[in-house]
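What follows draws every value from the coordinates through simple rules; no lab data is involved. Note that the structure is predicted; figures quoted are calculated from it, not measured. Positions of Cβ are backbone-derived with ideal geometry, glycine not excepted, and every protein chain shown enters the neighbour counts.
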Amino acid sequence: MGASSGMGQEVSKLLLQDGWNVGIAARRLEELEALAAAYPGRVEVMQIDVTDPDAPRLLLELIDRLGGVGLYFHASGVGKQNMSLDAAIEERTVMTNAVGFTRMVDTVFNYMASHQGGDIAVISSIAGTKGLGAAPSYSATKSFQNLYIQALEQQAHMRDLPIRFTDIRPGFVDTPLLGDGHRYPLLMSKEKVAREILEAIHRHQHVRVIDWRYRILVPLWRLIPNCLWRRLKVKS
């Protein structure tokens, strides 16, 4: 989900190179069809906007075309720095990263619960670690995703369901999502991050912070007391 560009597209390419049959979905159909053309007979395409209430039905239709699903990878997301609290930006972020995320992950969870389980992997972000003043809805929805996956993982154990979860938490990746003119530190290539993502999935890691620099930074970030954090000028 979210395979038209960025990490969704890169991970789709790697899975196809590894011999998987893949179903790809996103709002932009042209990019999906170009990827499908490069791998004839191996790709099913579906135009899906996760903010559309009809999105779950379309996802199940895509799964049916594939004959089932062993791995669901959710890479659909938006986010912008929004110091002016533009309402349209905040609402679109919440609709995509919280409402859309929930409806799609729940749809797959329920499908897997009745079809021998599987793997669910999602791209959240290290931005969910602390509230970021420059991007309130983005950091808040990423924290929501972290906790939601944790809750579903617990529920799967409570119900004795063979569903595994991997929460991918990258830092800044050089994708169109960051094409807003701002400069970002410790920027990573999408190709490198895609390889780390698949490694984490294959190892059935519960949480994977990407890369090693962020694995050092995030625990330190958590240690900053809120009384100091609220006074810092942190850019997302």
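Take 132-139, 19-26, 1-8 and order them by the average number of nearby Cβ atoms within 10 Å per residue, most first; the result is 1-8, 132-139, 19-26.
Looking at the chain, the pairs of alpha carbons with a distance over 22 Å make up 52% of the total. Shown in residue order for segment 121-128 are the 3J(HN,Hα) couplings computed by the Karplus curve 6.51 cos²θ - 1.76 cosθ + 1.60 at θ = phi - 60°: 10, 10, 8, 9, 4, 5, 5, x Hz (x for Gly and Pro). For segment 195-201, 3J(HN,Hα) computed residue by residue from phi via the Karplus equation (6.51, -1.76, 1.60; θ = phi - 60°) reads 5, 5, 4, 5, 4, 5, 5 Hz, glycine and proline entered as x.
Averaging the sequence gap over all C-alpha pairs within less than 8 Å and six or more residues apart, then dividing by the number of residues, gives the chain a relative contact order of 19 percent. In vacuo Debye scattering of segment 12-63, one point per C-alpha: log10 I(q)/I(0) at q = 0.13, 0.19, 0.21, 0.30 Å⁻¹? Ignoring solvent entirely, the Cα scatterers give -0.30, -0.62, -0.73, -1.15. Length, then width, then depth: along the principal axes, the Cα atoms of segment 1-91 run 47, 25, 23 Å.
Helices in the chain, meaning DSSP H runs of at least 4 residues, each add -39500 (n - 2.57). Divided by all residues, the mean residue ellipticity at 222 nm is -14000 deg cm²/dmol.
A protection proxy built from the mean count of other Cβ atoms within 10 Å ranks the segments 108-120, 220-232, 82-94, most packed first, as 108-120, 82-94, 220-232. Divide the volume of the convex hull around the Cα atoms of segment 69-188 by the residue count and you get 101 Å³ per residue.
With respect to the chain, whose longest principal axis is taken over its alpha-carbon atoms, helix 212-223 is tilted by about 50°. Quick one: angle between helix 29-38 and the longest Cα principal axis of the chain, in degrees between 0 and 90, rounded to 10, please. Once rounded, one gets 60 degrees.
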